[in-house]
Structure formats: structure tokens, C-alpha cells
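Here the structure is laid out as C-alpha cells; the discussion comes afterwards.
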Amino acid sequence: MGFKVLIQTEAIDFGKEHGLLQDSGDSVGAIATFFGTVRDFNETRKVESISIEHYSGMTESELKKILNEAKARWKISAGTIIHRVGKLHVGEGIVFVGIASSHRKEAFQSCDFIMDYLKTNAPLWKKERHDGGEDWVSSKESDQIFARSWEKGSY
């Protein structure tokens, strides 16, 4: 299976993607996944939907870089990042990150590392439609702190 990055408008097939990771080799002893969905609130407002935009080509290239960085830091056998773009409604899947490795620590840590990058630095832009209108969403300070914790030598 190897490593893949996809940007798509279609729903993410969690079962299929998990199965591909599971079948990626006999040395796989652990699979860690993150599946993010659109929730119905953000801080103090009710969310109706979100729209995610990206810069085609650049986004895929940047996500491949972060996946390669995870490969350089941890011993992982396979990895997948799938991020949706377009208009998404409450309950729909936004992002799938899956990592296969021989041991759980590598799987958990690399999955967490990739998600921290996606929340703070990925070239994806999110606009929330809520009960008071719509707003572009920026990363939270807490997300920035988590992302900085991965800087070389601090994990």
C-alpha cells in the first residue's frame, strides 16, 4: 500500500482505508487513525456547515512533505492522509489520517504529529456557516502550542 495523500470532495471510506493499512504488510502490529467530522458547534456558536478550500497541487505537495517528515521521525510502514474540500455538513467526515507500524507508539505519535500539522500549517482554508452568518476559521493558540511541541528535539 505504501504512502498516499488525497484531496477529494467525495466521502471518505473509513473501512476501506483502514483495511488497506491493515493489509500493508506482515510487519504491521499497530494501526492508529484519526477521523475528523464536522461538529455542530464551535466555541459559542451553532455550526450549520463548513466550506474548505485549497490550492490544488500545493496542498497535496505540502501534505506529502509532512507524511515524509513522519516517515523520517518514526518507523512506520504505511500512511494515508485524506482531506475533503468543498461544502460539508454536520456529521460528515473531513479528514482521515491513518498510520501503520510495527509498534503502537510510532503509530500514535506519527498520527498525532500529522494532525497537529494539519490543524496549524496545511494550506487548507475553512469557512464556517453558523447561526450568525459565516466566518473564516483560524487555528487556535492551543493548536499552535501542540504543533510547536514537535519541533526537532522537543518530542
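All of the numbers you see were taken from the coordinates with simple rules; none came from a lab. Here the structure is a predicted model, which is why all the values come from computation and not from measurement. Neighbour counts run over all protein chains shown; Cβ positions are idealised from the backbone, glycine included.
In terms of its alpha-carbon gyration tensor, segment 3-148 comes out prolate; a/c meets the 1.5 threshold, and the first ratio a/b outweighs b/c.
R0 = 25 Å: FRET efficiency of Thr120 with Phe14, Cβ-based, nearest 0.05? With a Förster radius of 25 Å, E is 0.55.
Here is the list for segment 52-107: chymotrypsin sites (Phe, Trp or Tyr not before Pro) lying in DSSP coil, each with at most 14 other C-beta atoms within 10 angstrom of its C-beta, are Tyr55. Multiplying the residue separation of Phe35 and Leu6 by 0.36 nm and removing their Cα-Cα distance gives an extension gain of 9.0 nm.
Filter Lys64/Lys119; Lys87/Lys127; Lys16/Lys65; Lys65/Lys119; Lys46/Lys127; Lys4/Lys105 down to the pairs with a C-alpha to C-alpha distance above 19 Å, please. The pairs that break the limit, which is 19 Å between Cα atoms, are Lys16/Lys65; Lys4/Lys105.
A simple spin-label model places the labels of Glu92 and Glu43 2.4 nm from each other, with each point 7 Å out along Cα-to-Cβ. Within segment 1-43, report the GluC sites (Glu not before Pro) that DSSP leaves as loop and that have at most 16 other Cβ atoms within 10 Å. Taking segment 1-43 and a limit of 16 other Cβ atoms within 10 Å, the loop GluC sites (Glu not before Pro) found are Glu10, Glu43.
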